[in-house]
Amino acid sequence: MQKIMLAHGGGGQEMNDLINGLIFKIFNNEILSQNNDSAILNLSGKLAFSTDSFVVSPTKFSGGDIGKIAVCGTANDLAMVGAKPRYISCALIIEEGLDINELKDILSSMKSTADEAGVAIVCGDTKVVSKGSCDKIFINTSGVGEIIKEVRIENLKSGARVLLSGDVGRHGAVVLASRNELRLQSHLQSDCKPLYKIVEALLNAGITPLAMRDATRGGLSAVLNEWAKACKRDIKISEDSIAVSDEVMGICEILGFEPYELANEGTFVLAVEPKDEIKAVEILREFNSNANSIGEILDSNKSNVIIQNSYGATRFMEPPKGELLPRIC
Amino acid sequence: MDLINSFRDKDKILALSKIIKQRSKKPLNIMEICGGHTHSIMKFGLPQLVGEHINFIHGPGCPVCIMPRSRIDEAIAIASIDGVIFCTLADMLRVPGSKGSLAELRAGGADIRALYSPLDTITIAKENLDKKVVFFAIGFETTTPMSAVVVEQAINLNLQNLFIHLNHVTVPAPVRAIMSDKDVKIDAFLGPSHVSVITGSKIYEELANEFKTPIAVSGFEPLDLMDSILNLVNQHQNGTYKVYNEYARVVTKDGNQKAKELINRYFEPCDFEWRGLGVIKDSGLRLRDEFDYLDAKKYFNIEVGESKESKACICGEILRGKAKPYDCKVFGKVCNPQNPIGSCMVSGEGACAAYYKYSKRG
């Protein structure tokens with residue numbers, strides 16, 4: 001089996017073979033194949049620009065892989081400000097010894113996800129580092145998108161309804177379950193997917209989101225706490241309205257985690273005017289039947305996220321802190 | 001049976017809430033021995049469901065909280081030795097010792113690994129025969145059998161490179177120590193069910209009789225706790241002091257005989273210094289003499305100087321049931337989960353961490 005060697009990052013023939021023989025072949029698009037020092041793009045109007053780096057172990061998990069996340073992550077960050085993702089870059093940091101077939105699978109996954117998201121991978125970079133310097137592969141993607149309807153966090157205000165586009169914790173639970181040391185068996189799949197089509201459906205229906213954010217690392221809890229801080233208001237959430245699959249709940253109970261703190265890669269939080277609530281939920285449910293209205297922004301100025309359970313008791317939903325460590329007993 | 005939702009049933013919880021409020025007519029101080037119970041109580045908002053007479057007091061049942069700084073210092077001294085792979089369970093990484101935490105030591109390059117299962121140490125030892133692998137064993141009766149299995153496998157596999165730093169403790173001893181303090185006013189106890197899965201419910205009978213205090217061996221789900229609280233309220237009203245086994249779906253009177261035999265085969269009682277409680281006779285476990293060649297402290301000949309606790313932190317008072325986390329001046333301010341001053345703010349099972357996370361900020 002062919003493996004990545006340090007020579008593949010050396011700037012010589014091997015690197016040329018890797019880029020032209022594999023990467024360009026898979027990503028294949030007109031802009032990339034022009035092979036200029038920079039991609040020359042055709043864009044107009046207001047743009048959104050975002051970047052993110054992706055490190056995930058294992059690189060392949062149920063429902064996705066590092067390549068799929070690398071495209072979804074940046075494309076979704078663009079979608080969350082109301083931008084249609086157009087072009088992304090791909091910078092690879094590869095550990096010496098990685099199987100070329102594994103790299104090929106990751107790149108193919110990036111390509112098919114990019115096609116699904118409607119973006120082209122138009123420029124990139126490849127570095128190879130010595131064994132032990134990184135964990136198989138790290139990927140950075142940056143992306144630009146055309147603003148269709150500008151969505152800013154500063155629009156958050158009292159009375160706004162908080163909606164969730166699906167069930168929570170799937171991606172985090174899948175990655176945990178995939179780790180060798182846990183040896184958990186599960187049929188769970190990551191929620192990893194591009195989100196712009198859902199945003200587009202909302203915009204086409206005349207809904208103007210006040211704010212949107214994909215609930216990636218830190219999960220729902222991190223987003224709601226950021227929002228509560230940003231708008232200096234309490235946010236009250238009903239626990240019953242948040243969908244958590246039995247498998248995610250099971251993994252959380254075994255390890256002592258909160259499903260609201262686990263990462264999602266295709267679930268987002270949305271704030272809308274009360275008048276848009278029902279219509280927006282209806283549209284979200286066309287894409288995921290677990291979508292729901294989960295709470296509202298209160299007219300108070302303490303910046304807490306308060307969660308109420310089915311029997312009426314309330315508590316804070318604190319933002320996650322530190323490493324995600326399992327309970328001891 | 002749905003093992004989660006069945007025990008979170010709204011109608012049953014509200015029905016129990018109503019009965020508890022009706023029957024609870026005089027102040028009742030309930031100590032939840034285990035930090036897991038503290039977290040469940042706060043997470044599910046149970047103080048809001050049981051009425052004004054019931055006061056929950058956190059007890060000394062979190063393996064991280066009760067660990068004296070001297071043992072963390074020993075762990076750090078061992079983990080600092082070249083060629084050592086130091087294995088620990090999750091939260092212990094963040095507990096501050098006199099010179100920082102294991103997490104800080106790891107960031108400085110030490111090979112420190114957070115385990116999901118104690119048995120992972122066996123795999124690590126087999127894969128790293130040129131290194132010395134040390135398992136920092138902690139916890140109450142719940143986790144002790146797993147450490148005994150690690151010892152047994154190390155012996156059976158004749159692993160020459162695996163050592164144990166044993167910090168296991170038992171539940172009844174600190175309960176007796178707390179109840180012997182005349183300043184402590186506790187009317188009833190919630191006993192951790194996972195401990196009794198191993199020991200049986202009978203470990204509490206002597207305590208209940210000696211201190212004329214009812215004890216409910218309780219599960220961790222809200223319905224488990226509400227049912228246990230109702231039993232304690234009833235006993236308090238009636239003046240009885242029995243051991244109530246709420247977790248009868250798993251807990252027997254005598255417990256898991258096989259696990260107990262395994263523990264006794266390799267470990268024996270010893271005095272243990274508890275954070276906030278001082279040295280309690282026969283409250284900890286050590287390796288039996290014939291296995292002390294596996295003792296990491298002896299093998300590496302570790303001696304640490306005097307280890308002082310932070311003066312600002314009142315973890316000791318909290319663990320004795322004399323203070324609530326809110327009473328601590330540094331709670332939620334200087335001391336928070338990102339910068340824990342005391343171990344009660346570190347652990348996922350610690351009292352301060354539970355109060356901070358679910359209920360009140362500083």
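The values are calculated or read from the model by the stated rules, or taken from the named source; none is laboratory data. As the structure is a computational prediction, the values presented were derived from the model and not from experiment. Positions of Cβ are backbone-derived with ideal geometry, glycine not excepted, and every protein chain shown enters the neighbour counts. To get the accessible areas, we keep the full protein, side chains included, count just its heavy atoms, and leave off ligands, DNA and RNA. Shrake-Rupley method; radii C 1.70, N 1.55, O 1.52, S 1.80 Å.
Criterion applied to A:162, A:168, A:174 was being in contact with a Pro (Cβ under 8 Å, 6 or more places away or on another chain) and under 30 Å from residue A:249 (Cβ atoms), and the one residue passing it is A:168.
For residue B:355, the conditions (1) hydroxyl-bearing (Ser, Thr, Tyr); (2) surrounded by 24 or more Cβ atoms within 10 Å (Cβ to Cβ); (3) more than 20 Å from the chain's Cα centre (by Cα) are fulfilled apart from (3).
Looking at A:219, A:256, A:206, A:250, which one is on the phi > 0 side of the Ramachandran plot and at pLDDT below 95? Within the list A:219, A:256, A:206, A:250, the selection yields A:256. Is there any pair with a first residue in region B:17-43 that is on the phi < 0 side of the Ramachandran plot and a second that is surrounded by 23 or more Cβ atoms within 10 Å (Cβ to Cβ) and among the polar types (S, T, N, Q) whose Cβ atoms are under 8 Å apart and which are 6 or more apart or on different chains, and what are they? Final answer for the pair search is B:32/B:38; B:35/B:347; B:37/B:218.
The residues listed here are B:174, B:145, B:118; of these, the one that is out of contact with any Asp or Glu (no Cβ under 6 Å at 6 or more places or on another chain), part of a helix (DSSP H, G or I), open to solvent by less than 30 Å² (accessible area, probe 1.4 Å) and within 14 Å of chain A (Cβ to nearest Cβ) is B:145. Do we find a residue being at pLDDT 95 or above and farther than 21 Å from residue B:215 by Cα anywhere in region B:238-251? No, region B:238-251 has no match at all.
Scanning region B:92-115 for residues that are within 11 Å of chain A (Cβ to nearest Cβ), of a type in the set (D, E, K, R) and in contact with a strand residue (DSSP E or B) (Cβ under 9 Å, 6 or more places away or on another chain) turns up B:106, B:113. Selection of region B:329-346 for residues being surrounded by fewer than 24 Cβ atoms within 10 Å (Cβ to Cβ) and within 12 Å of chain A (Cβ to nearest Cβ) yields B:332, B:336, B:337, B:338, B:339. Among the residues of region A:36-58, the one identified as in a strand (DSSP E or B) and loosely packed, with under 14 Cβ neighbours inside 10 Å is A:49. The single condition among (1) surrounded by fewer than 22 Cβ atoms within 10 Å (Cβ to Cβ); (2) of a type outside the set (S, T, N, Q); (3) in the same structural domain as residue B:85 (by the TED database) that residue B:326 does not meet is (3). Selection of region B:209-239 for residues being away from chain A (no Cβ under 14 Å) and either of a type in the set (Gly, Ala, Ser) or touching a Cys at 6+ places or on another chain (Cβ under 9 Å) (or both) yields B:216, B:218, B:228, B:239. Counting residues in region B:82-91 that are hydroxyl-bearing (Ser, Thr, Tyr) and open to solvent by 20 Å² or more (accessible area, probe 1.4 Å) gives zero. Restricting attention to region A:277-329, which residues are open to solvent by 30 Å² or more (accessible area, probe 1.4 Å), without any contact (Cβ under 8 Å) to a residue 60 or more places away in the chain and of a type in the set (Lys, Arg)? Once the filter is applied, which keeps residues that are open to solvent by 30 Å² or more (accessible area, probe 1.4 Å), without any contact (Cβ under 8 Å) to a residue 60 or more places away in the chain and of a type in the set (Lys, Arg), region A:277-329 yields A:285, A:321.
All conditions in (1) out of contact with any strand residue (DSSP E or B) (no Cβ under 7 Å at 6 or more places or on another chain); (2) acidic (Asp, Glu); (3) away from every other protein chain (no Cβ under 14 Å) hold for residue A:261, with the sole exception of (3). Residue-level analysis places residue B:333 outside the set of residues that are more than 18 Å from the chain's Cα centre (by Cα), under 25 Å from residue B:185 (Cα atoms), part of a loop (DSSP other than H, G, I, E, B) and not assigned by the TED database to the domain that holds residue B:75.
Of the residues making up region B:55-68, those that are open to solvent by less than 30 Å² (accessible area, probe 1.4 Å) and either away from every other protein chain (no Cβ under 14 Å) or touching a Lys or Arg at 6+ places or on another chain (Cβ under 8 Å) (or both) are B:57, B:58, B:59, B:60, B:65, B:66, B:67, B:68.
Determine, yes or no, whether residue B:189 is in a strand (DSSP E or B), away from chain A (no Cβ under 14 Å) and within 21 Å of the chain's Cα centre (by Cα). So that I can check it myself, show each step before the final result.
Working: in a strand (DSSP E or B): yes; away from chain A (no Cβ under 14 Å): yes; within 21 Å of the chain's Cα centre (by Cα): yes.
It is true that residue B:189 is in a strand (DSSP E or B), away from chain A (no Cβ under 14 Å) and within 21 Å of the chain's Cα centre (by Cα).
Go through region A:179-203 and report how many residues are touching a Phe, Trp or Tyr at 6+ places or on another chain (Cβ under 6 Å) and modelled with pLDDT under 95. Counting residues in region A:179-203 that are touching a Phe, Trp or Tyr at 6+ places or on another chain (Cβ under 6 Å) and modelled with pLDDT under 95 gives 2.
The condition of being of a type in the set (A, V, I, L, M) and touching a Pro at 6+ places or on another chain (Cβ under 6 Å) holds for only one of B:334, B:346, that being B:346. The numbered conditions (1) farther than 18 Å from residue B:351 by Cβ; (2) within 11 Å of another protein chain (Cβ to nearest Cβ) are all true for residue B:20 except (2).
Residues of region A:1-35 that are farther than 19 Å from residue A:99 by Cα, open to solvent by less than 80 Å² (accessible area, probe 1.4 Å) and not in a helix (DSSP H, G or I): A:11, A:12, A:29.
What strands (runs of 3 or more DSSP E), lying completely within region B:236-313, carry at least 3 residues that are open to solvent by less than 40 Å² (accessible area, probe 1.4 Å) and either more than 23 Å from residue B:78 (Cα to Cα) or without any contact (Cβ under 8 Å) to a residue 40 or more places away in the chain (or both)?
Filter on region B:236-313 gives B:278-287.
Return yes or no: is residue B:216 modelled with pLDDT of 95 or more and touching a Pro at 6+ places or on another chain (Cβ under 7 Å)? Even if it seems obvious, please write down each step before you answer.
Values: modelled with pLDDT of 95 or more: yes; touching a Pro at 6+ places or on another chain (Cβ under 7 Å): no.
No.
Exactly one residue out of A:186, A:178, A:221 is within 14 Å of chain B (Cβ to nearest Cβ), of a type in the set (Ser, Thr, Tyr) and open to solvent by 10 Å² or more (accessible area, probe 1.4 Å), and it is A:178. Of the numbered criteria (1) buried (at least 24 other Cβ atoms within 10 Å of the Cβ); (2) part of a loop (DSSP other than H, G, I, E, B); (3) away from chain A (no Cβ under 13 Å), the one residue B:349 fails is (3). Considering B:44, B:135, the condition of being touching a helix residue (DSSP H, G or I) at 6+ places or on another chain (Cβ under 9 Å), of a type in the set (Phe, Trp, Tyr), open to solvent by 10 Å² or more (accessible area, probe 1.4 Å) and in the same structural domain as residue B:199 (by the TED database) is satisfied by B:44 alone. Within the set A:157, A:232, A:197, the sole residue that is on the phi > 0 side of the Ramachandran plot, away from every other protein chain (no Cβ under 14 Å) and not acidic (Asp, Glu) turns out to be A:232.
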